[in-house]
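Structure record follows, encoded as structure tokens.
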Amino acid sequence: MAASLDGIGGSSVFTATHVQRRFNIDIAFRPEFDPEGAFHLEVKYQPWPRSERGRRRKDVPFALGMDAETVHEFETRSYAALIAELEHWIARCTVWTREGD
């Protein structure tokens, strides 16, 4: 095992999911408990599961899976910059459609 654990761990301080638009926003503070740490904002999109005919399967509950796509990442130590970025992405994820029917 490595002697240094720098960069290991993190604490999710905020998470939000828009099930109908299939987006998840997560904010973590890494490395955890480090005064020199930073906020990491990550926006993920989970593609719709499809039927054999290529249609959306709306009967399947939303869950982030291995095929989730990271559409945006942001890192900052500034709380004000984090809030501005979060507000932007909450607004964008409420109207953005990544794929058609």
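The values are calculated or read from the model by the stated rules, or taken from the named source; none is laboratory data. Bear in mind the structure is a predicted one, so any value in this text is a computation, not a measurement. Here Cβ is always computed from backbone atoms with ideal geometry, including for glycine, and neighbour counts include all displayed protein chains.
What the table shows:
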read-out: Among residues of the stretch 62-99, those that are part of a loop (DSSP other than H, G, I, E, B), over 17 Å from the mean Cα position of the chain (by Cα) and of a type in the set (Ser, Thr, Tyr), counted; value: 1
read-out: Hey, residue 59 in a loop (DSSP other than H, G, I, E, B), surrounded by 10 or more Cβ atoms within 10 Å (Cβ to Cβ) and without any contact (Cβ under 8 Å) to a residue 12 or more places away in the chain or not; value: no
read-out: Any hit, the stretch 21-34, residues being in contact with an Asp or Glu (Cβ under 7 Å, 6 or more places away or on another chain), of a type in the set (Gly, Ala, Ser) and either closer than 18 Å to residue 86 by Cα or modelled with pLDDT of 95 or more (or both); value: no
read-out: Selected residue (criterion: farthest from residue 99 (Cα to Cα)) from residues of the stretch 10-46 that are part of a strand (DSSP E or B) and polar (S, T, N, Q); value: 11
